[in-house]
1. What about A:Asn277, is it of a type in the set (S, T, N, Q), part of a loop (DSSP other than H, G, I, E, B) and surrounded by fewer than 23 Cβ atoms within 10 Å (Cβ to Cβ)?
2. Would you check which residues across segment A:2-19 are within 17 Å of A:Cys129 (Cβ to Cβ) and surrounded by fewer than 24 Cβ atoms within 10 Å (Cβ to Cβ) and list them?
3. In segment B:18-62, what residues are aliphatic (A, V, I, L, M) and farther than 30 Å from B:Phe268 by Cα?
4. Using beta carbons and a limit of 7 Å, which pairs, at least six apart or on different chains, have the first residue in segment A:221-237 and under 16 Å from A:Lys201 (Cβ atoms) and in contact (Cβ under 8 Å) with a residue 24 or more places away in the chain and the second one open to solvent by 10 Å² or more (accessible area, probe 1.4 Å) and of a type in the set (D, E, K, R)?
5. Which of the residues spanning segment A:211-227 are surrounded by fewer than 19 Cβ atoms within 10 Å (Cβ to Cβ) and assigned to a loop (DSSP other than H, G, I, E, B)?
6. If A:Ala133 passes every condition in (1) in a loop (DSSP other than H, G, I, E, B); (2) more than 14 Å from chain B (Cβ to nearest Cβ); (3) modelled with pLDDT under 95 but one, which one does it miss?
7. Can you spot a residue in segment A:145-153 that is more than 14 Å from every other protein chain (Cβ to nearest Cβ), in a loop (DSSP other than H, G, I, E, B) and small (Gly, Ala, Ser)?
8. Tell me whether segment A:182-199 contains one or more residues that are of a type in the set (A, V, I, L, M, F, W, C), free of Cβ contacts under 8 Å to residues at least 12 places away in the same chain and in the same structural domain as A:Glu231 (by TED's automatic domain parsing).
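The values are calculated or read from the model by the stated rules, or taken from the named source; none is laboratory data. A quick note: this is a predicted structure, and the numbers were derived from the prediction, not measured. Note that each Cβ is placed from the backbone with ideal geometry, even for glycine, and that neighbours are counted across all protein chains shown. Heavy atoms of the whole protein, side chains included, go into the accessibility calculation; ligands, DNA and RNA do not. Shrake-Rupley method; radii C 1.70, N 1.55, O 1.52, S 1.80 Å.
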Protein chains: 2
Amino acid sequence: MRWAQAMGKATVANVGCGFDVLGFSVDCLYDVVTIKRCSDFQGVKLKVLNNKKVPNDPDKNTAGFAVKEYLKLFQIQGDGLFVELDKRLPLGSGLGSSAASSVAALLAVNAIYDNLATKEELFNIGLRCEQLACGSAHGDNIAPSLYGGVILIRHSNPMKVIPIPIPEELYCLLIHPEVEVNTQDARAVLPKSVPLSLAVKQWSNIGALITGFCLKDKKLIRDSLNDYLIEEERAAFIPHFYEMKDIAYKSNTFNLSISGSGPTVFSFSDSYDKLLNEKEKIEKLLEATGISCQTYLSRLNNKGSYVQSMGE
Amino acid sequence: MRWAQAMGKATVANVGCGFDVLGFSVDCLYDVVTIKRCSDFQGVKLKVLNNKKVPNDPDKNTAGFAVKEYLKLFQIQGDGLFVELDKRLPLGSGLGSSAASSVAALLAVNAIYDNLATKEELFNIGLRCEQLACGSAHGDNIAPSLYGGVILIRHSNPMKVIPIPIPEELYCLLIHPEVEVNTQDARAVLPKSVPLSLAVKQWSNIGALITGFCLKDKKLIRDSLNDYLIEEERAAFIPHFYEMKDIAYKSNTFNLSISGSGPTVFSFSDSYDKLLNEKEKIEKLLEATGISCQTYLSRLNNKGSYVQSMGE
């Protein structure tokens, strides 16, 4: 019987100032989904490996839900699909865990059905999965996981995914302190309205950051990552946030900010060595205060998630 | 005695969604300032041509004020400067009239003193002139008039001017209905705070518009000009705004929005012919309702204001 295996990359949403509109995917961290077409049952069965908190009910898990929505869209009936989700991303980490699962599942199921769906159709199913997982259909994890690169989401109807080129030799450090942040809690602390003057500062930074990416101007990227509206509210969920930020400042990297709704934080730099130095200092800080953490250091690139292997 | 003559280009600030951060300069419309160094008096004298409403007092006019601030910055004493301002831009038009005067004056006086000032220093004096003229030191008219092209202003300290490349073959139509809008009145109607959800829509458009300019993607430019926060409040100052917008829509140009605080409106298109068609229809509409207007159709380019001629 036909089978396919795909990875779904982790993602950093918001990217400093770009709340709800910017995201990029991370090379070194992903979920893996393997789907087998079976003849001994009908519908979708799910098995989750490596994380007992993730439900095996396909309606309560973005990997299973994504496959069911895919079948519905293309009116595929009568088949049995066995979905195995190797859950490698930590939950509630701010690394787009739910999106990584759904993207991997969508790529795998699409491979089984000879790529019936366009990336745009997969993106739209992914949005519904985010609605299931987080209560809002935001695209800033789904799109970068699916397309790679830095992605801008335009909040038009329909949402538009705009890939932005990335300069060569840009590296990213991720620090995931082992505390769980629920996306809905992190959204609840957001201000309902913002002063126009601060909104203008924020969108002047978003514009400058995007110009920096497009024109490959690393200094402009560095100078434009600051958020004025969201970070302060969410920093409260993240242990030692301002001390980590201070270490980034002293390490002379491009800033440190929150990945998605946290608690993972990220830094950019064009120097791998500076990020390595920052990583070691932050690990020491968190260790000294009894907080476990995982850290990842990766080059940014334009390759999103993909099908690793398939067979009959 | 030495003399120099410079033009100061008109500018369109905001550019649809980019309130207080984006602007571009317009080729076909400018003020002209001629400055002569004189030996028969000390200080700055000003004469305004073509507009009796503009005060001849150099402290109450951005051309005169700019020259005085320039002299102060470089501690130039004892010289007499005769400033002649040929005021060609309409006042209160939303075309950056005050900025055009100060930029022309700054370029002319800088030419007389062998370019003592960098563009950055001229920009900073220009900001103080905007403070004098409009009550706030915004840079989205000064910078595009001085630098040319589409300019993004980052609201950092100090403000940063970020030039953005412009695609070839992009045209702009300007319609100036002859009603005066005071910049301070137009700022008074702005909301003090905005819903976060609308701010996100706005900055997703700003990001997309800038990406469209950088990547020379005209469709993206076209689709991203919409403003969600400012236009509606200011449209009330502009006669027949929504009828003009409808004509732009039917003419299949890139949208119609307010230039600065109005009443001038602008449209983009990659088709000169479509803008010409739009221009004729809007002229007819305004004429039929008894409103005089000036209209201008110009190609966008990267050349800002400059010194036209100088001599001894």
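1. Taking the combined requirement at face value, the residue does not satisfy it.
2. A:Met7
3. B:Ile35, B:Val44, B:Leu46, B:Val48, B:Leu49, B:Val54
4. If the second residue must be open to solvent by 10 Å² or more (accessible area, probe 1.4 Å) and of a type in the set (D, E, K, R), the pairs left are A:Ser224/B:Arg154; A:Tyr228/A:Lys201.
5. A:Leu215, A:Lys216, A:Asp217, A:Asn226
6. (1)
7. yes
8. There is at least one residue in segment A:182-199 that is of a type in the set (A, V, I, L, M, F, W, C), free of Cβ contacts under 8 Å to residues at least 12 places away in the same chain and in the same structural domain as A:Glu231 (by TED's automatic domain parsing).
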